[in-house]
Amino acid sequence: MSELLQIAERVTDQVQEGEQLEAYVSRGSSTEVQAYGGEVESFTSSTSQGIGIRVVRDGRAGFAWAGSLDAEVIGETLAEARDNLAFAEPDEWVAIADPDGGTPIVHDHWDDSVAAMPTEDKVAMAIELEARTTARDPRITGVRTSTYADHSGEMALATSTGVRATDRGTGAHVSVSALATEGDETKIGGGFDVDFGPASLDLDRAADDAALRATRLLGATQPDSERVTIVLEPRMAASLVGLTIGMLNGERMLKGRTPFVDRVGELVATSTLTVMDDPTDGRSFGATSVDDEGQTCRPLPLIENGVLRGFLHNTYTGRRSGEGTTANGVRGYRSTPGVGAHAIIMSPGEGDLDSIIAGLDHGVLVTSMSGLHSGFNAVSGDFSVGAEGLMIRDGALAEPIREATIASTIQKMLNDIVAIGADTEWQPGGAGAVSLAIADVALSGT
């Protein structure tokens with residue numbers, strides 16, 4: 001890690017009078033194995049490294065990047081960044097971040113087994129996952145794909161303003177897509193497990209999940225159109241809340257492209273809902289000590305007891321809005337900092353998915369949603385997506401459904417939440433999500 005920081009510091013040591021310099025350096029590696037039919041279908045192993053250099057002078061920013069850490073290449077990249085200043089438009093809010101004086105909460109999510117595990121063992125995990133999945137149920141006739149994947153990465157940041165930051169992490173996951181067949185009908189269900197390294201991955205959990213999700217949808221029919229209460233298990237709730245938090249991006253706020261503009265301090269959801277971005281929570285796969293501008297991460301309430309508390313900001317949007325950075329600068333070495341969440345966490349309520357279902361006379365358990373991007377408008381909040389799942393009748397799961405559409409608006413759905421579970425499930429992207437029940441959603445079928 002110190003090697004990367006030394007590279008970044010050598011760049012910022014070359015600062016010239018009247019300018020600011022920023023150097024972001026990163027490197028990483030990844031492995032992916034896909035198995036099919038008891039054999040390796042594909043194997044990919046890759047490494048990458050690079051540097052992004054930003055120069056700011058007189059309200060103009062020049063940026064350049066290179067996929068090499070060779071000293072000569074870095075020198076050329078710095079020269080290119082300075083040359084690019086001439087093509088930039090002046091912007092009074094552009095500046096390199098200053099040290100914020102915070103004390104970061106350190107997370108060392110580095111698992112040596114990612115690099116230490118022999119490649120043949122990683123291959124064996126993908127093949128074994130396929131075998132365990134097909135053995136779960138006689139109706140499981142095969143898998144679409146069985147995958148093992150891991151990654152490791154580290155970054156270092158130095159600026160002429162005095163910021164120094166480093167971070168590193170690893171991750172591994174297995175996933176499988178099972179095919180369940182009955183007669184002429186075939187259904188697909190996916191399962192996964194994720195951890196910071198391969199040693200703790202649970203193949204049985206992924207296999208069980210995939211087999212259940214595929215088989216329970218056999219015999220699905222198109223439902224009647226009606227207004228119902230929908231139940232979202234944690235992974236589905238994470239998708240919905242993720243769309244919501246995307247609307248709380250400082251860049252969208254400045255452009256007026258979110259329905260939550262000018263609503264800070266107002267009730268925008270049911271009073272029992274609290275959602276925050278908390279990269280200080282070490283349980284999250286998105287936990288980090290600092291953002292990609294070297295600002296100290298901290299718990300950030302976004303919706304608290306239903307009240308909108310604020311937006312996500314990097315240093316640029318924080319300056320321009322007057323609200324200051326929330327340490328939500330995100331980037332890779334090929335780009336300048338954008339705005340993004342680190343670890344979206346929903347505060348738990350009561351009970352779990354089963355108890356929420358048991359409390360409903362009539363509803364739908366949504367097990368998959370399709371068209372989330374095409375069917376969602378972040379400017380208006382309109383929401384209309386395809387859905388599969390199971391009907392809920394008298395507090396129990398009933399017949400499976402397919403070819404349905406659920407529709408509402410994000411604003412209405414947030415206010416129509418009638419139950420929040422305590423069954424926190426950590427998602428691969430870092431979210432900590434719980435089950436939700438949302439009333440009065442339009443279900444379109446026959």
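One line per residue, one yes/no per condition, for (1) closer than 23 Å to THR258 by Cα; (2) in contact with a Cys (Cβ under 8 Å, 6 or more places away or on another chain); (3) without any contact (Cβ under 8 Å) to a residue 24 or more places away in the chain; (4) crowded, with 22+ Cβ neighbours inside 10 Å:
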{"site": "MET391", "(1), (2), (3), (4)": "no, no, no, no"}
{"site": "ASP394", "(1), (2), (3), (4)": "no, no, no, no"}
{"site": "LEU397", "(1), (2), (3), (4)": "no, no, no, no"}
{"site": "THR405", "(1), (2), (3), (4)": "no, no, no, no"}
{"site": "ILE410", "(1), (2), (3), (4)": "yes, no, no, yes"}
{"site": "ILE417", "(1), (2), (3), (4)": "yes, no, no, no"}
{"site": "ALA422", "(1), (2), (3), (4)": "no, no, no, no"}
{"site": "ILE438", "(1), (2), (3), (4)": "yes, no, no, yes"}
{"site": "GLY445", "(1), (2), (3), (4)": "no, no, no, no"}
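Restricting to the stretch 133-157, name every residue that is within 13 Å of PHE192 (Cα to Cα) and in a helix (DSSP H, G or I).
Within the stretch 133-157, just THR133 meets the criteria.
Can you pull out the residues in the stretch 274-318 that are touching an Asp or Glu at 6+ places or on another chain (Cβ under 9 Å), hydrophobic (A, V, I, L, M, F, W, C) and surrounded by 19 or more Cβ atoms within 10 Å (Cβ to Cβ)?
Result: VAL275, MET276, PHE285, ALA287, VAL290, CYS297, LEU300, LEU302, LEU308, PHE311, LEU312.
Out of the stretch 261-318, which residues are in a loop (DSSP other than H, G, I, E, B), in contact (Cβ under 8 Å) with a residue 40 or more places away in the chain and either assigned by TED's automatic domain parsing to the domain that holds MET155 or β-branched (Val, Ile, Thr) (or both)?
VAL264, VAL268, THR270, THR272, THR274, THR280, THR288, listed by residue number.
Check off (1) touching a strand residue (DSSP E or B) at 6+ places or on another chain (Cβ under 7 Å); (2) buried (at least 20 other Cβ atoms within 10 Å of the Cβ) for ARG136 and give me the number that stays unchecked.
(1)
Search the stretch 1-28 for residues being in a strand (DSSP E or B) and in contact with a helix residue (DSSP H, G or I) (Cβ under 8 Å, 6 or more places away or on another chain), and hand back the single one that is nearest to ASP150 (Cα to Cα). Show your work before the answer.
Let us first name the residues in the stretch 1-28 that are in a strand (DSSP E or B), namely 20-28.
With in contact with a helix residue (DSSP H, G or I) (Cβ under 8 Å, 6 or more places away or on another chain) added as a condition, the list becomes 21-27.
Working: LEU21: 33, GLU22: 30, ALA23: 27, TYR24: 23, VAL25: 21, SER26: 17, ARG27: 15 Å.
Applying the filter and picking the extreme gives ARG27.
Could you tell me how many of the residues in the stretch 319-339 are of a type in the set (Gly, Ala, Ser), touching a residue at least 40 places away in the same chain (Cβ under 8 Å) and farther than 28 Å from GLY50 by Cα?
Result for the stretch 319-339: 1.
For the stretch 70-87, state whether one or more residues are in a loop (DSSP other than H, G, I, E, B) and of a type in the set (D, E, K, R). Give the steps one after another, and end with the answer.
Initially, the stretch 70-87 is screened for residues in a loop (DSSP other than H, G, I, E, B), giving 70.
After this cut, where a residue has to be of a type in the set (D, E, K, R) as well, the list is 70.
So far as the stretch 70-87 goes, yes, one or more of its residues are in a loop (DSSP other than H, G, I, E, B) and of a type in the set (D, E, K, R).
Can you find a residue that is at pLDDT 95 or above and of a type in the set (Ser, Thr, Tyr) anywhere in the stretch 199-214? First the steps, then the outcome.
In the first step, residues of the stretch 199-214 are kept if they are at pLDDT 95 or above; the result is 201-214.
Subset that is of a type in the set (Ser, Thr, Tyr): none.
Checked the stretch 199-214: no residue is at pLDDT 95 or above and of a type in the set (Ser, Thr, Tyr).
Looking at MET391, MET369, which one is in the same structural domain as ALA437 (by TED's automatic domain parsing), in contact with a helix residue (DSSP H, G or I) (Cβ under 8 Å, 6 or more places away or on another chain), of a type in the set (A, V, I, L, M, F, W, C) and assigned to a strand (DSSP E or B)?
Only one candidate passes the filter, namely MET369.
This table checks each residue for (1) among the hydroxyl-bearing types (Ser, Thr, Tyr); (2) more than 17 Å from the chain's Cα centre (by Cα).
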residue: THR315; (1), (2): yes, yes
residue: ARG319; (1), (2): no, yes
residue: VAL330; (1), (2): no, no
residue: SER335; (1), (2): yes, yes
residue: ALA341; (1), (2): no, no
residue: MET346; (1), (2): no, no
residue: SER355; (1), (2): yes, yes
residue: ASP361; (1), (2): no, yes
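Restrict the check to the stretch 55-63 and report whether at least one residue is more than 17 Å from THR12 (Cα to Cα), loosely packed, with under 13 Cβ neighbours inside 10 Å and free of Cβ contacts under 8 Å to residues at least 60 places away in the same chain.
Filtering the stretch 55-63 for residues more than 17 Å from THR12 (Cα to Cα) gives 58-60.
Among the residues that remain, those that are also loosely packed, with under 13 Cβ neighbours inside 10 Å are: 58.
Narrowing further to those that are free of Cβ contacts under 8 Å to residues at least 60 places away in the same chain: 58.
Yes: the stretch 55-63 contains one or more residues that are more than 17 Å from THR12 (Cα to Cα), loosely packed, with under 13 Cβ neighbours inside 10 Å and free of Cβ contacts under 8 Å to residues at least 60 places away in the same chain.
Conditions (1) over 17 Å from ALA131 (Cβ atoms); (2) free of Cβ contacts under 8 Å to residues at least 60 places away in the same chain, marked per residue:
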| site | (1), (2) |
| --- | --- |
| ARG168 | yes, no |
| HIS173 | yes, no |
| GLY183 | yes, yes |
| ASP193 | no, yes |
| PHE196 | yes, no |
| LEU201 | no, no |
| ALA207 | no, no |
| ARG213 | yes, no |
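Yes or no: THR145 touching a residue at least 40 places away in the same chain (Cβ under 8 Å), out of contact with any Leu (no Cβ under 9 Å at 6 or more places or on another chain) and of a type in the set (Val, Ile, Thr)? Lay out the reasoning, then the answer.
On the way: touching a residue at least 40 places away in the same chain (Cβ under 8 Å): yes; out of contact with any Leu (no Cβ under 9 Å at 6 or more places or on another chain): yes; of a type in the set (Val, Ile, Thr): yes.
Here the answer is yes, as THR145 does meet what is asked.
Give me the strands (runs of 3 or more DSSP E) completely within the stretch 158-251, filtered to those with at least 1 residues that are within 30 Å of LEU21 (Cβ to Cβ) and among the small types (Gly, Ala, Ser), ordered by residue number. Don't jump to the end; show me each part of the working.
On the way: elements: 164-182, 185-195, 226-232.
Counting at least 1 such residues, we get 164-182.
Could you tell me which numbered condition SER48 fails, if it satisfies all but one of (1) under 27 Å from THR288 (Cβ atoms); (2) touching an Asp or Glu at 6+ places or on another chain (Cβ under 6 Å)?
(2)
When the residues of the stretch 72-85 are narrowed to those that are of a type in the set (A, V, I, L, M) and in contact (Cβ under 8 Å) with a residue 24 or more places away in the chain, which ends up nearest to LEU4 (Cα to Cα)? Give the derivation first.
Step one: filter the stretch 72-85 for residues of a type in the set (A, V, I, L, M), giving 73-74, 78-79, 81, 85.
The next check asks that each one be in contact (Cβ under 8 Å) with a residue 24 or more places away in the chain; those that pass are 74, 78, 81, 85.
Details: ILE74: 13, LEU78: 16, ALA81: 20, LEU85: 25 Å.
Applying the filter and picking the extreme gives ILE74.
Only residues that are surrounded by 15 or more Cβ atoms within 10 Å (Cβ to Cβ) and assigned to a loop (DSSP other than H, G, I, E, B): list them for the stretch 29-54, please.
Those that are surrounded by 15 or more Cβ atoms within 10 Å (Cβ to Cβ) and assigned to a loop (DSSP other than H, G, I, E, B): none in the stretch 29-54.
The values are calculated or read from the model by the stated rules, or taken from the named source; none is laboratory data. Keep in mind the model is a prediction, meaning the values are calculated, not measured. Virtual Cβ from ideal backbone geometry, glycine too; neighbours counted across all protein chains shown.
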